[in-house]
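Throughout, read-outs are computed from the coordinates displayed, never taken from laboratory work. Note that the coordinates shown come from a computational prediction; the quantities given were computed from them, not determined experimentally. Neighbour counts are summed over all protein chains in view; Cβ atoms, including those assigned to glycine, are modelled from backbone coordinates with ideal geometry.
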Amino acid sequence: APGSDTNSWVLDARGDKWTNNSDTSIGGNLSSSDIVMLAFSGSKLWFGVNGSWLNSGDPAAGTNEAFSGLSGSMFLIAGADTADGTCSGKLAASLTYSPPTGFTAGWA
């Protein structure tokens with residue numbers, strides 16, 4: 001499952017980051033109306049919600065990332081761990097928030 005090994009990095013609905021079956025809180029609970037953001041530099045990953053970067057992160061400055069030292073191929077996934085197995089959401093065709101300085105829109 002995502003977050004259960006050293007090669008996956010997760011933000012869950014409680015605002016916890018996960019990797020290697022270990023979690024650390026970096027934000028508050030997320031709601032179904034929240035807009036989740038991410039910035040990825042090639043070795044660092046930041047998560048944000050509703051226009052604010054979690055954990056006082058600043059991707060433009062390269063500071064307070066959720067995870068660092070990342071390498072290899074990256075794949076973006078979304079899912080839910082709910083009692084009934086449902087998950088809803090959407091990937092927007094246009095951005096609600098501008099990418100941080102030095103970053104581009106999209107996962108490329």
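Table for the structure above
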{"read-out": "Among 60-73, 12-25, the order from most to least packed when residues are scored by Cβ within 10 Å on average", "value": "12-25, 60-73"}
{"read-out": "Extension reserve of the LEU38-TYR97 stretch, reckoned as 0.36 nm per residue once the Cα distance is removed", "value": "20.2 nm"}
{"read-out": "Estimated Rh, the stretch 1-69: Kirkwood, alpha-carbon pairs, angstrom", "value": "12.1"}
{"read-out": "Length-normalised contact order for the stretch 1-86 - Cα pairs under 8 Å, 6+ apart - percent", "value": "17"}
